[in-house]
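Okay, structure first, notes after.
The values are calculated or read from the model by the stated rules, or taken from the named source; none is laboratory data. Computed from a prediction, not measured in an experiment: that's the story for all the values here. We place every Cβ from the backbone using ideal geometry, glycine too, and count neighbours over all the protein chains shown. For the accessible areas, the whole protein counts, side chains as well, though only heavy atoms, and no ligand, DNA or RNA atoms are used. Shrake-Rupley method; radii C 1.70, N 1.55, O 1.52, S 1.80 Å.
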Amino acid sequence: MNTGFLPLPTLRAPLGVPHNWWVFAGVYLLVWVFMPPLLAPSFPLDVVESLGWGREWQWGYYKHPPLPPIALHVFYQAFGRIGPFALSQLCVALTLWMVWLTARRLVSPERALLGSLLTMGVAFYTRPTLEFNHNIAQMPLWAAICYYYLAAWQDGKLRQWCMLGLFAGLGLLCKYSMGVLLVCLALFTAFTPARRVLRQPGPWLAMLVMTLVFAPHLVWLQHNDWLPLAYAHERTSGPGTPAQLGALKFALTQGLNHLPLLLILLLPLTWLRLTHQLPRTAARQRIHSQQPHYLLLIAMGPGLLLVLLGLLAGVRLRDMWGVPIWPFSGLLLVALLPDAKLARLRPIMLRGLALWLVLITILSGLYLFKIADWRQRPVRSDWPTAALAQQAEHTWAELSICPLDTVAGDTWMASLIATSIANHPSVLIPGDARYSPWATPQRLLTHGALWVWQSEDTDDGEPTPIAALTDIQSNLAIQVHQGRWSIPWAREPHQKALEIEWRTIVPMACIRNPAEASNR
């Protein structure tokens with residue numbers, strides 16, 4: 001069945017893949033959804049930060065575009081602590097689906113399915129998905145853009161061009177680095193026979209749809225002095241590792257993340273050759289694809305372009321920028337195998353892939369459970385989130401009859417507490433007031449705030465200044481209280497307790513009756 005927009009997958013076990021393999025895939029998915037919240041009491045930093053943003057439903061945030069934080073907030077509201085991890089695995093599953101749809105247009109059905117599954121042989125699609133962020137959110141959109149470009153190029157249907165524009169716009173609302181893929185596709189269009197499509201309305205319709213989807217964020221950028229671009233510039237310039245060395249490091253990191261995929265092929269290939277179980281094939285190597293140049297482009301083009309930008313343009317590359325750009329690596333590898341070798345290697349490679357997924361699942365579980373023991377100190381995943389939230393709610397309720405509306409402090413501390421409180425208060429962080437535009441002076445005067453910081457981070461006991469709070473503390477309509485929490489580490493009881501300084505800024509209209517407070 002075809003909806004006209006998204007082809008629906010079949011539910012039977014296709015092309016000779018046993019049903020128990022699909023059962024394995026389902027169990028793997030469930031483990032990766034439920035294992036992290038069971039083994040780690042705290043969310044990773046990127047999840048905590050994005051949850052602090054997403055509840056505000058802005059068209060942009062000072063670091064990034066808005067789509068991933070909003071999607072994360074929706075999943076957290078709907079599914080609680082498993083929400084962020086379910087969203088990550090949904091992104092992986094949708095990526096595999098889009099790779100499969102693309103592969104069906106490029107290679108034989110047998111190669112399409114195996115190449116899609118082997119995407120999981122790239123390490124980026126396993127361990128990093130424990131921390132949902134903008135890179136993970138790009139995965140399915142990246143693959144969808146590649147699919148709809150190919151479908152629109154081959155079929156020429158306007159609805160396919162519209163879908164290409166939609167996913168391109170959504171991709172840019174995830175992260176600006178999606179532009180790397182769009183540049184690659186533009187170059188492919190300009191310098192290959194695909195340029196004939198430029199004489200048709202489809203590409204221009206796609207550009208219009210992309211612009212309309214991206215336009216609200218563009219307006220937000222203009223009204224907020226292009227803050228995310230300034231942040232991106234700061235991340236890619238300034239002192240540090242020379243850009244050329246960083247580009248080489250980026251390339252090496254991408255290669256290392258492909259190591260499981262290469263071993264899944266090379267180990268059985270070497271064994272079969274040594275035991276003379278592989279048929280001899282012609283020496284000439286070719287890509288078994290209807291559009292080999294396009295497959296090469298989507299599998300390798302963005303990665304090569306990024307390395308060139310680092311080497312020639314001096315752009316400082318971040319290793320994790322490579323997370324979404326390799327969904328077609330497994331497909332390219334399968335397309336390079338001759339038919340005779342593929343038939344012999346296919347069942348062994350599937351078993352190798354299953355072994356890799358079991359191994360990385362066990363290692364990731366051990367990482368979550370034992371990382372603090374290995375490092376000999378608590379890490380972010382060990383933070384006593386529930387105890388912090390409970391202490392914050394209790395402290396505020398002792399002093400105020402109004403709900404806790406805002407938690408102020410550094411991104412990690414304030415966001416961690418805010419996301420764990422039932423009514424999910426807003427987060428106010430230090431620095432430029434544009435970083436937390438929802439925390440207006442009037443809102444703080446009306447509802448107050450809880451200000452938190454870690455004792456060991458300051459020399460004089462004072463927190464990093466937050467102008468919006470400093471300005472109102474002397475207001476006669478505000479009552480200020482201060483104290484300290486000492487919270488033990490649940491998984492590291494031998495460690496020194498976590499010392500948190502707090503300060504409440506409570507409006508007079510919210511102050512709890514002293515007599516009532518003393519009876520609590």
> Would a scan of region 79-92 turn up a residue that is of a type in the set (Ser, Thr, Tyr) and within 16 Å of Glu131 (Cα to Cα)?
Replying inline: yes
>> Given (1) of a type in the set (Gly, Ala, Ser); (2) assigned to a helix (DSSP H, G or I); (3) open to solvent by less than 50 Å² (accessible area, probe 1.4 Å), identify the lone condition not met by Ala343.
In response: (3)
> Is it true that some residue in region 139-161 is among the polar types (S, T, N, Q), under 30 Å from Asn257 (Cα atoms) and open to solvent by less than 20 Å² (accessible area, probe 1.4 Å)?
Replying inline: no
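Rundown of residues vs (1) buried (at least 21 other Cβ atoms within 10 Å of the Cβ); (2) within 30 Å of Pro41 (Cα to Cα), yes/no style:
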site	(1), (2)
Pro84	yes, yes
Thr95	yes, yes
Val99	yes, no
Arg104	no, no
Ser108	no, no
Phe124	yes, yes
His134	yes, yes
> Can you tell me which residues in region 246-277 are modelled with pLDDT under 95 and among the β-branched types (Val, Ile, Thr)?
Replying inline: Thr270, Thr275
> Counting only residues that are of a type outside the set (Phe, Trp, Tyr) and open to solvent by 70 Å² or more (accessible area, probe 1.4 Å), which one in region 201-217 is farthest from the chain's Cα centre (by Cα)?
Replying inline: Pro201
>> Residues that are within 25 Å of Ala25 (Cβ to Cβ), surrounded by 22 or more Cβ atoms within 10 Å (Cβ to Cβ) and of a type in the set (A, V, I, L, M, F, W, C): does region 304-319 have at least one?
In response: no
> How do the helices (runs of 4 or more DSSP H) wholly within region 363-456 filter down when requiring 2 or more residues that are surrounded by fewer than 17 Cβ atoms within 10 Å (Cβ to Cβ): which remain?
Replying inline: 385-399, 441-447
> For the subset of region 162-195 comprising residues that are closer than 17 Å to His293 by Cβ and open to solvent by 40 Å² or more (accessible area, probe 1.4 Å), which member is farthest from the chain's Cα centre (by Cα)?
Replying inline: Pro193
> Can you tell me how many residues in region 302-336 are more than 14 Å from Thr102 (Cβ to Cβ) and in a helix (DSSP H, G or I)?
Replying inline: 19
> Out of region 36-69, which residues are open to solvent by 10 Å² or more (accessible area, probe 1.4 Å), among the aliphatic types (A, V, I, L, M) and touching a residue at least 12 places away in the same chain (Cβ under 8 Å)?
Replying inline: Leu39, Leu45, Leu67
> Which members of region 283-297 meet the condition of being open to solvent by less than 80 Å² (accessible area, probe 1.4 Å) and either at pLDDT below 85 or not in a helix (DSSP H, G or I) (or both)?
Replying inline: Ile287, His288, Ser289, Gln291
